[in-house]
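**Q** Sharing a structure with you now.
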Amino acid sequence: MDIAIVKYNAGNLYSVVNAFRRLGVEPVITDDAERIAQADKVVFPGQGSALTTMTYLRAHKLDELIRSLRQPVLGICVGQQLLCRHSEEGDVDCIGVFPADVKRFQPTRHEDKVPAMGWQALHRLDSPLFTGIDEGAYVYFVHSYYVPLCPYTIAQADYILPYSAALHKDNFWTTQFHPEKSGKVGEQLLRNFLDHINS
């Protein structure tokens, strides 16, 4: 299977590559529009600031490319946020696949730390992306911003308030958590993306 990982000014790409290698797939990291468009499936991971990342994506017309893709796309962490309409991080308009706005966590108690960092449970799983993954399974998050619950939510987590741990619309699936850092649960999710997710 031909998997393209979108190359842009975001960290964490090689841990995603290694996660797919463990599943027997050798993905390619590329910012070549034709190469991405021809891939069987596309992964859009990321760490970093929404504003600087969107500036880079627009300068290279990768925002238009990603929005136009018709094969299965998996957005991870900042990749999920950038596929939404707008982010409070830098007050920036994003790619706009999901009509949802990304919000910053607002601590309500002394023990509420931002960024939210660590293992949290997944609830209300509602997608083939979670085949073989149990309700309450733990996955790894690192984020200061979140997507509120919305009609496209296919899993939720709870930190300060319930929020979207994963989204789905058309050929776009996303996770706020890092499957590549989430042990056997994350490995199962990536395997599901390879085996069970089709346009």
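The values are calculated or read from the model by the stated rules, or taken from the named source; none is laboratory data. Remember, it's a predicted structure, so these values are computed and weren't measured experimentally. When we count neighbours, we look across all protein chains shown, and the Cβ atoms used for this are built from the backbone with ideal geometry, even at glycine. Just so you know, the surface numbers come from the protein's heavy atoms only, side chains and all, with ligands and any DNA or RNA stripped out. Shrake-Rupley method; radii C 1.70, N 1.55, O 1.52, S 1.80 Å.
**Q** Which of the residues belonging to the range 157-184 are farther than 14 Å from Leu23 by Cβ and either of a type in the set (Asp, Glu) or open to solvent by 30 Å² or more (accessible area, probe 1.4 Å) (or both)?
**A** Of everything in the range 157-184, those that are farther than 14 Å from Leu23 by Cβ and either of a type in the set (Asp, Glu) or open to solvent by 30 Å² or more (accessible area, probe 1.4 Å) (or both) turn out to be Asp158, Tyr159, Ile160, Leu161, Pro162, His168, Lys169, Asp170, Lys181.
**Q** Still on this structure, I have one more. Got a sec? Which of Val102, Val139, Val97 is under 17 Å from the mean Cα position of the chain (by Cα), open to solvent by 10 Å² or more (accessible area, probe 1.4 Å), under 19 Å from Phe44 (Cα atoms) and among the hydrophobic types (A, V, I, L, M, F, W, C)? Spell out the reasoning first.
**A** Details: Val102 fails: open to solvent by 10 Å² or more (accessible area, probe 1.4 Å); Val139 fails: open to solvent by 10 Å² or more (accessible area, probe 1.4 Å).
Result of the check over Val102, Val139, Val97: Val97.
**Q** If you go through the range 125-133 one residue at a time, do you hit one that is closer than 24 Å to Cys84 by Cβ and among the hydroxyl-bearing types (Ser, Thr, Tyr)? First the steps, then the outcome.
**A** From the range 125-133, those closer than 24 Å to Cys84 by Cβ are 125-130, 133; that's our starting set.
Filter once more, so that each one left must be among the hydroxyl-bearing types (Ser, Thr, Tyr): 127.
Within the range 125-133 (the criterion being closer than 24 Å to Cys84 by Cβ and among the hydroxyl-bearing types (Ser, Thr, Tyr)), the answer is yes, since at least one residue qualifies.
**Q** Considering only residues that are of a type in the set (A, V, I, L, M) and either modelled with pLDDT under 95 or over 15 Å from Leu57 (Cβ atoms) (or both), which ones fall in the range 79-101? If you could, list the steps in order and put the result at the bottom.
**A** Just the residues of the range 79-101 that are of a type in the set (A, V, I, L, M), to begin with: 82-83, 92, 95, 97, 100.
Once the filter is applied, which keeps residues that are of a type in the set (A, V, I, L, M) and either modelled with pLDDT under 95 or over 15 Å from Leu57 (Cβ atoms) (or both), the range 79-101 yields only Ala100.
**Q** Sort through Leu83, Leu74 and tell me the only one that's of a type outside the set (Val, Ile, Thr), under 27 Å from Ser182 (Cα atoms), surrounded by 21 or more Cβ atoms within 10 Å (Cβ to Cβ) and touching a Gly at 6+ places or on another chain (Cβ under 7 Å). Step through it out loud before you land on a result.
**A** Numbers: Leu74 fails: touching a Gly at 6+ places or on another chain (Cβ under 7 Å).
After applying the criteria, what remains is Leu83.
**Q** Identify the residue in the range 142-156 that is open to solvent by less than 60 Å² (accessible area, probe 1.4 Å) and of a type in the set (A, V, I, L, M) and, among all such residues, is nearest to Leu83 (Cα to Cα).
**A** Initial filter on the range 142-156 (open to solvent by less than 60 Å² (accessible area, probe 1.4 Å)): 142-148, 150, 153-156.
Still in the list and also of a type in the set (A, V, I, L, M): 142, 147, 154-155.
Details: Val142: 18, Val147: 11, Ile154: 15, Ala155: 16 Å.
Looking at residues that are open to solvent by less than 60 Å² (accessible area, probe 1.4 Å) and of a type in the set (A, V, I, L, M), I get Val147.
**Q** Let me ask you something else. So which residues in the range 40-64 are open to solvent by less than 20 Å² (accessible area, probe 1.4 Å) and among the hydrophobic types (A, V, I, L, M, F, W, C)?
**A** Step one: filter the range 40-64 for residues open to solvent by less than 20 Å² (accessible area, probe 1.4 Å), giving 41-46, 50, 53-54, 57, 62-63.
Residues satisfying the conditions are Val42, Val43, Phe44, Ala50, Met54, Leu57, Leu62.
**Q** Hey, among the residues in the range 142-156 that are under 14 Å from the mean Cα position of the chain (by Cα) and of a type in the set (A, V, I, L, M, F, W, C), which one's nearest to Val73 (Cα to Cα)?
**A** Here the residue is Ile154.
**Q** Also, I was wondering about something else. Just name the residue that is surrounded by the most Cβ atoms within 10 Å (Cβ to Cβ) out of those in the range 110-123 that are part of a loop (DSSP other than H, G, I, E, B) and out of contact with any Pro (no Cβ under 9 Å at 6 or more places or on another chain). Walk me through it before giving the result.
**A** Just the residues of the range 110-123 that are part of a loop (DSSP other than H, G, I, E, B), to begin with: 110-115, 122.
Then drop every residue that is not out of contact with any Pro (no Cβ under 9 Å at 6 or more places or on another chain), which leaves 110-112, 115, 122.
On the way: His110: 6, Glu111: 6, Asp112: 12, Pro115: 12, Leu122: 25.
Here the answer is Leu122.
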